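Below you'll find the structure, written out as structure tokens, and then a few comments.
The values are calculated or read from the model by the stated rules, or taken from the named source; none is laboratory data. Please read all numbers here as calculations on a predicted model, not as lab measurements. Neighbour counts run over all protein chains shown; Cβ positions are idealised from the backbone, glycine included. Surface areas here come from the heavy atoms of the whole protein model, side chains and all, with no ligands, DNA or RNA. Shrake-Rupley method; radii C 1.70, N 1.55, O 1.52, S 1.80 Å.
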Amino acid sequence: MINPKPVILLAEDDDNDVFFMRRALQKSQIDFLLQVVTDGQQATDYLSGHGDFSNREKHPLPTVILLDLKMPFLDGFEVLTWIRAQAAFKATPVAVLTSSAEERDRRRARELGACAYFVKPPKPETIQEIGRLIQEPQQRAVN
Amino acid sequence: MNRVDSPLLKNQKSENDSGADSHDNDQGESQHFVQFYESESFLETRVAEFISKAFESGDAAVLIATPEHCSAIEKLISTQGFSIPELAKTGRYFSFDAKEMLSRFMLTNVPNEKLFYRELRPVLDKATDGHRRRVRAFGEMVSLLCANKNFDAAIKLEGMWNDLNLSYPISLLCAYPMKDFCGTSVSEAFHQICHAHSTVLPTENSLAASQTEKERAKTIAVLEQKAKSLETEIVTRKQMEHHGRLLSAIVQYSDDAIISKDLNGIITSWNAGAERIFGYKSEEIVGRSVLTLIPADRQDEEPGILARLRRGERIDHFETVRRRKDGSYVDVSLTVSPLKDESGKVFGASKIARDITERKRAQQIQHALYELASTVNGAVALHEIYDAALNAVCRCQGTHRAAILLYDSEGVMRFRAWRDLSPEYRAAVEGHSPWARDALSPLPVCIDDIRTANFSEHLQEAIAREKIQAMAFLPITYEGRLLGKFMVYYDTPHHFTPEELQPAQTIVTQVAFAIERRRTGENLERMVNERTASLREAIAQMEEFSYSISHDLRAPVRAMQCYAEVLMEDYGGELDEHAKKYLERIIHSGVRMDRLIQDILTYSRLSRREIKLHPISLDRLTRDIVNQYLEMKPASGAKILVDDALMPVVGHEASLSQAISNLLNNAIKFTAPDTQPKVHLWTERRDQDVRLWVEDNGIGIKPEYQHRLFNVFERVHPEKNYEGTGIGLAIVRKAAERMGGKAGVESNGVDGSKFWIQLPAAEKS
């Protein structure tokens with residue numbers, strides 16, 4: 001059974017940032033289902049349906065993936081690299097959401113195939129862009 | 001007359017009556033002839049003829065001649081039908097040994113008149129039979145005197161005969177071999193001798209005796225000329241003889257080998273130099289082919305040389321190699337010249353071979369040293385220098401084995417580079433050294449013959465197995481310190497001399513210098529590498545630190561700030577004004593802290609990031625920044641004027657962009673509250689630089705504060721009035737410095753400020 005709502009998978013180890021993202025999304029017009037994993041390893045487990053994540057009713061495949069860069073086990077870049085190597089997620093837009101405004105991080109994210117690069121905290125423009133990624137999943141524009 | 005068979009005499013008889021023979025009938029008149037001759041048989045025939053005439057006409061004859069002439073003449077007279085013993089018995093023929101007769105009246109090389117007359121008068125008295133008959137006399141005493149170069153005596157004796165002629169009816173014939181008058185020095189004597197006679201008879205080879213005085217004189221002149229040319233020829237011959245002796249001495253004692261060969265390459269002569277250079281004795285090699293001297297691989301040189309010789313060409317300084325008798329080789333420079341006979345035909349060759357072994361060796365040494373020097377100067381690695389040094393030593397010493405051993409860190413001498421040494425040998429002798437480790441300025445050790453060396457049995461065996469028979473240990477030292485050794489080996493016993501080892505010593509010095517220089521260089525490089533590595537590490541740690549700050553340090557600040565905002569948004573209505581004001585302060589502080597962190601990150605990134613400088617269009621960059629600013633901060637109401645065509649600079653665009661933005665922000669920020677900010681930007685050429693001016697109408701900075709303005713966290717104005725982190729201008733200065741420029745400010749502290757940033761110009765002035 002396919003969940004009609006778009007699913008946003010957020011990989012984020014900081015509770016505060018999860019709170020701010022959820023709050024920002026709730027304040028927007030987007031109808032969504034937010035799934036949160038707290039490290040890089042969990043992110044890949046979720047996507048490949050390992051263990052608990054095999055239940056796709058409870059853990060549906062995401063429409064958009066938001067990755068923090070600094071995470072335990074696997075960092076955001078490693079997860080991004082892994083995703084881009086999976087044929088199943090070829091079409092799934094991945095955005096980086098980080099506190100780093102550094103150019104080298106921005107460049108690396110783009111090189112590894114991220115569709116968007118957001119600097120925390122999420123601003124109205126951030127949410128607006130996420131909405132656009134949900135509607136046009138093929139869009140690979142990078143900010 | 002019928003007994004006269006000489007055609008010349010016949011001729012003389014028929015055409016000339018003033019000759020000796022024509023005076024047969026001259027009664028009472030004394031005659032004195034002189035006959036020059038060249039051949040003995042002519043003389044003998046002539047005299048026999050002359051004497052026979054006397055017997056024919058019943059006269060007497062006196063013969064004073066050498067015993068040889070006497071017997072020959074008597075024999076001839078006998079064949080004419082006259083009996084010499086009979087005539088002698090009857091007092092018509094007298095003969096004397098000229099030499100013996102001469103000795104009777106010569107007193108110390110001068111004929112004595114009295115003694116002469118004492119001897120001759122009695123003879124003539126008898127012969128003339130008391131002046132009753134004529135006498136024909138032939139004498140060659142004068143000739144003997146001339147042969148002894150005693151011309152004065154001869155002339156005097158002729159005069160004495162002439163005196164006798166006055167008192168006796170004598171026909172006297174004198175004869176001189178022409179050879180005695182070859183030479184200008186005797187021409188005067190010849191003259192006088194001719195003068196002493198009434199008739200001069202030329203030699204058998206001259207033209208027929210002249211009829212007239214005039215012709216006679218001519219004949220004499222011809223004779224004189226002949227005498228002179230003979231003299232000249234003798235002089236030339238003597239010179240040539242002398243010359244020949246000189247040449248042969250030169251050839252014999254020359255250092256060079258001087259060899260002659262025929263056109264088949266067969267050696268025809270061989271001097272001492274050739275014996276020295278090639279080792280063959282003359283008797284061993286003359287008659288053998290010159291190919292004997294040519295090494296097997298050069299035998300093809302000879303046909304070419306012979307072909308060129310046959311064409312009459314000369315071969316100059318042809319440098320080649322020849323083989324000695326003992327089979328060793330010698331470097332020679334050959335000069336081969338064709339030898340020609342009188343007709344110009346080439347019949348052989350002279351070959352001068354100069355031993356150029358020493359010169360070649362000197363050249364090789366020079367070349368080897370030059371090559372080594374250029375390698376030492378250019379080589380990047382020590383092994384290349386070792387290689388070049390071994391090459392050079394092998395060439396200089398004429399060997400194929402050499403090695404370089406150096407002390408390792410444990411003080412053991414180990415092979416570093418070698419030529420033609422087996423692994424077994426190297427393993428067996430490694431570590432051996434003739435000097436102590438701490439020997440100061442050790443000296444070379446030369447072993448001319450390994451059998452006489454004082455090595456351990458183990459070493460001796462290894463050396464013998466390697467078939468080494470001589471070796472030299474040359475210490476490699478630097479400032480007296482022993483670094484290792486340079487080995488030179490020979491397969492045969494070898495007599496080492498200090499002179500011979502001179503080039504090798506030079507090579508060793510070069511190697512020592514190179515090793516030491518390389519070691520110093522390597523130490524320095526290692527030090528630089530270590531420092532660079534530690535610096536890199538520090539930079540990497542700094543990067544990590546900055547990265548952490550930008551990720552981790554900002555997170556809690558942001559969280560505080562965000563929660564305060566959430567509180568304000570969600571619960572603002574329930575809070576009183578005080579609470580709201582505090583919340584605003586929290587939010588404001590959070591924003592400020594975040595900006596501070598970001599500025600510090602920018603500043604530190606600027607300090608450490610590697611930047612590449614390029615020409616930048618300052619005009620375009622500045623206008624972009626100004627437009628962006630006006631778009632983002634329309635509320636500032638600032639009036640920004642940029643002059644036309646700002647000059648291009650060389651810099652790093654991101655850093656320059658950051659600096660200009662900061663200056664622009666700065667210019668607008670520090671303006672008095674109710675004043676419209678006005679900013680004017682323009683460029684100015686300063687020698688090789690371009691200075692960008694940013695002038696504002698702000699509050700200005702008092703000169704006494706200006707020096708602090710560009711330091712991190714320095715603020716000249718109270719924070720409450722003008723918000724800022726105090727890092728902006730520090731970033732400007734740091735950026736300018738990183739780009740090879742500088743930044744500064746001019747202000748009187750009242751009428752605004754003029755900030756500037758100066759960078760190298762992109763266009764030449």
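Of the numbered conditions (1) open to solvent by less than 10 Å² (accessible area, probe 1.4 Å); (2) without any contact (Cβ under 8 Å) to a residue 24 or more places away in the chain, B:I84 satisfies every one except a single condition; which is it?
(1)
Given the conditions (1) more than 30 Å from B:P493 (Cβ to Cβ); (2) surrounded by 13 or more Cβ atoms within 10 Å (Cβ to Cβ); (3) among the polar types (S, T, N, Q), which single one is not true for B:T357?
(1)
Among the residues that make up the stretch B:584-600, is at least one of them surrounded by fewer than 16 Cβ atoms within 10 Å (Cβ to Cβ) and touching a residue at least 40 places away in the same chain (Cβ under 8 Å)?
Scanning the stretch B:584-600, I find at least one residue that is surrounded by fewer than 16 Cβ atoms within 10 Å (Cβ to Cβ) and touching a residue at least 40 places away in the same chain (Cβ under 8 Å), so the answer is yes.
Could you go through the stretch A:34-46 and let me know if any residue there is modelled with pLDDT of 90 or more and within 14 Å of chain B (Cβ to nearest Cβ).
The answer is no; no qualifying residue exists.
Taking only the stretch B:396-451 into account, find how many residues are touching a Cys at 6+ places or on another chain (Cβ under 9 Å), open to solvent by less than 50 Å² (accessible area, probe 1.4 Å) and basic (K, R).
Within the stretch B:396-451, residues that are touching a Cys at 6+ places or on another chain (Cβ under 9 Å), open to solvent by less than 50 Å² (accessible area, probe 1.4 Å) and basic (K, R) number 1.
To keep it simple, each residue is scored yes or no on (1) surrounded by 16 or more Cβ atoms within 10 Å (Cβ to Cβ); (2) at pLDDT 90 or above.
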{"residue": "A:D68", "(1), (2)": "yes, yes"}
{"residue": "A:Q86", "(1), (2)": "no, no"}
{"residue": "A:P93", "(1), (2)": "yes, yes"}
{"residue": "A:S99", "(1), (2)": "yes, no"}
{"residue": "A:A116", "(1), (2)": "yes, yes"}
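Condition test on B:E543, is it within 12 Å of chain A (Cβ to nearest Cβ), touching a residue at least 24 places away in the same chain (Cβ under 8 Å) and at negative phi?
yes
Conditions: (1) out of contact with any helix residue (DSSP H, G or I) (no Cβ under 8 Å at 6 or more places or on another chain); (2) away from chain B (no Cβ under 12 Å); (3) among the aliphatic types (A, V, I, L, M). A:V119 meets all but one. Number of the miss?
So the condition that A:V119 fails would be (2).
Residue check, B:Y571 against (1) open to solvent by 90 Å² or more (accessible area, probe 1.4 Å); (2) in the same structural domain as B:R416 (by TED's automatic domain parsing), all met but one. Which one?
All conditions pass for B:Y571, except number (2).
Can you tell me which residues in the stretch B:647-674 are touching a Ser or Thr at 6+ places or on another chain (Cβ under 7 Å) and either among the aromatic types (F, W, Y) or at pLDDT 90 or above (or both)?
B:M647, B:P648, B:I660
Which one of B:S548, B:S534 is assigned to a helix (DSSP H, G or I) and within 14 Å of chain A (Cβ to nearest Cβ)?
Exactly one of B:S548, B:S534 is assigned to a helix (DSSP H, G or I) and within 14 Å of chain A (Cβ to nearest Cβ), namely B:S548.
Given the criterion outside the structural domain of B:G398 (by TED's automatic domain parsing), closer than 30 Å to B:C396 by Cβ and in contact with a helix residue (DSSP H, G or I) (Cβ under 8 Å, 6 or more places away or on another chain), identify the matching residue among B:T292, B:T320, B:T335.
Result of the check over B:T292, B:T320, B:T335: B:T320.
If you take the residues of the stretch B:597-623 that are among the aliphatic types (A, V, I, L, M) and within 14 Å of another protein chain (Cβ to nearest Cβ), which of them is nearest to B:L553 (Cα to Cα)? Break it down into steps so the answer makes sense when it comes.
If we filter the stretch B:597-623 for residues that are among the aliphatic types (A, V, I, L, M), which is where we start, we get B:597, B:600-601, B:606, B:611, B:613, B:616, B:618, B:621.
If we keep only those that are within 14 Å of another protein chain (Cβ to nearest Cβ) as well, we get B:597, B:600-601, B:606, B:611.
On the way: B:I597: 8, B:I600: 12, B:L601: 12, B:L606: 20, B:I611: 27 Å.
Selected residue: B:I597.
Is the stretch A:35-50 home to any residue that is in contact with a strand residue (DSSP E or B) (Cβ under 6 Å, 6 or more places away or on another chain), among the aliphatic types (A, V, I, L, M) and in contact (Cβ under 8 Å) with a residue 60 or more places away in the chain? So that I can check it myself, show each step before the final result.
Start the filter on the stretch A:35-50 by keeping residues that are in contact with a strand residue (DSSP E or B) (Cβ under 6 Å, 6 or more places away or on another chain), which leaves A:35-37, A:43, A:46.
Subset that is among the aliphatic types (A, V, I, L, M): A:36-37, A:43.
Now restrict to residues that are in contact (Cβ under 8 Å) with a residue 60 or more places away in the chain: none.
No, the stretch A:35-50 contains no residue that is in contact with a strand residue (DSSP E or B) (Cβ under 6 Å, 6 or more places away or on another chain), among the aliphatic types (A, V, I, L, M) and in contact (Cβ under 8 Å) with a residue 60 or more places away in the chain.
Let me confirm something: among B:L421, B:L459, which residue is in a helix (DSSP H, G or I) and more than 19 Å from B:F513 (Cβ to Cβ)? Give the derivation first.
Details: B:L421 fails: in a helix (DSSP H, G or I).
Exactly one residue qualifies, and that residue is B:L459.
Looking at A:L10, A:L66, A:L112 in this structure, which one is more than 14 Å from chain B (Cβ to nearest Cβ), touching a strand residue (DSSP E or B) at 6+ places or on another chain (Cβ under 7 Å) and within 30 Å of B:A654 (Cα to Cα)?
A:L66
Give the residue that is farthest from the other protein chains (Cβ to nearest Cβ), with candidates limited to residues of the stretch A:85-98 that are over 15 Å from A:L9 (Cβ atoms) and under 15 Å from the mean Cα position of the chain (by Cα).
Of the stretch A:85-98, the ones over 15 Å from A:L9 (Cβ atoms) are A:85, A:87, A:90, A:98.
Now restrict to residues that are under 15 Å from the mean Cα position of the chain (by Cα): A:90, A:98.
Values: A:K90: 29, A:T98: 7 Å.
Residue satisfying both the conditions and the ranking: A:K90.
I need every pair where a residue in the stretch B:337-366 that is closer than 14 Å to B:A257 by Cα has its Cβ under 9 Å from the Cβ of a residue that is part of a loop (DSSP other than H, G, I, E, B) and open to solvent by less than 60 Å² (accessible area, probe 1.4 Å), sequence separation at least 6 or different chains.
B:A349/B:L263; B:A349/B:G265; B:I352/B:S254; B:I352/B:D256; B:A353/B:D256; B:R354/B:D256; B:D355/B:D256
Picking from B:F55, B:F94, B:F105, which residue would you name as being modelled with pLDDT of 90 or more and surrounded by fewer than 23 Cβ atoms within 10 Å (Cβ to Cβ)?
Of the residues listed, the single one that is modelled with pLDDT of 90 or more and surrounded by fewer than 23 Cβ atoms within 10 Å (Cβ to Cβ) is B:F94.
Take the residues in the stretch B:601-623 that are charged (D, E, K, R) and under 24 Å from B:E695 (Cα atoms); name whichever of them is most open to solvent (accessible area, probe 1.4 Å).
B:R620
What about B:I234, is it out of contact with any helix residue (DSSP H, G or I) (no Cβ under 7 Å at 6 or more places or on another chain) and either surrounded by fewer than 16 Cβ atoms within 10 Å (Cβ to Cβ) or over 21 Å from B:K340 (Cβ atoms) (or both)?
On the way: out of contact with any helix residue (DSSP H, G or I) (no Cβ under 7 Å at 6 or more places or on another chain): yes; either surrounded by fewer than 16 Cβ atoms within 10 Å (Cβ to Cβ) or over 21 Å from B:K340 (Cβ atoms) (or both): yes.
Considered against the rule, which asks whether it is out of contact with any helix residue (DSSP H, G or I) (no Cβ under 7 Å at 6 or more places or on another chain) and either surrounded by fewer than 16 Cβ atoms within 10 Å (Cβ to Cβ) or over 21 Å from B:K340 (Cβ atoms) (or both), B:I234 comes out as yes.
Which of the residues spanning the stretch B:120-139 are surrounded by fewer than 16 Cβ atoms within 10 Å (Cβ to Cβ) and in a helix (DSSP H, G or I)?
Hits for the stretch B:120-139 are B:R121, B:P122, B:D125, B:K126.
Consider A:F19 against the criteria (1) in contact with a Gly (Cβ under 8 Å, 6 or more places away or on another chain); (2) within 14 Å of chain B (Cβ to nearest Cβ); (3) open to solvent by 30 Å² or more (accessible area, probe 1.4 Å): it satisfies all of them except one. Which criterion is unmet?
Condition not satisfied by A:F19: (1).
Going through the stretch A:99-109 one residue at a time, which ones are within 13 Å of chain B (Cβ to nearest Cβ) and either in a helix (DSSP H, G or I) or under 11 Å from the mean Cα position of the chain (by Cα) (or both)?
Taking the stretch A:99-109 and keeping what is within 13 Å of chain B (Cβ to nearest Cβ), we get A:99-108.
Residues satisfying the conditions are A:E103, A:R104, A:D105, A:R106, A:R107, A:R108.
Take the residues in the stretch A:70-83 that are open to solvent by 60 Å² or more (accessible area, probe 1.4 Å) and not acidic (D, E); name whichever of them is nearest to the other protein chains (Cβ to nearest Cβ).
The selected residue is A:K70.
Which residue, of B:A555, B:A512, is under 30 Å from B:A730 (Cβ atoms) and either surrounded by 11 or more Cβ atoms within 10 Å (Cβ to Cβ) or assigned by TED's automatic domain parsing to the domain that holds B:Y478 (or both)? Can you show your working first?
Values: B:A512 fails: under 30 Å from B:A730 (Cβ atoms).
Matching residue, one of B:A555, B:A512: B:A555.
Assuming A:L133 fulfils every condition listed in (1) surrounded by 19 or more Cβ atoms within 10 Å (Cβ to Cβ); (2) within 14 Å of chain B (Cβ to nearest Cβ); (3) of a type outside the set (S, T, N, Q) apart from one, which condition is it?
(2)
From the set of residues in the stretch A:22-33 that are surrounded by 14 or more Cβ atoms within 10 Å (Cβ to Cβ) and without any contact (Cβ under 8 Å) to a residue 40 or more places away in the chain, which is nearest to the other protein chains (Cβ to nearest Cβ)?
A:R23
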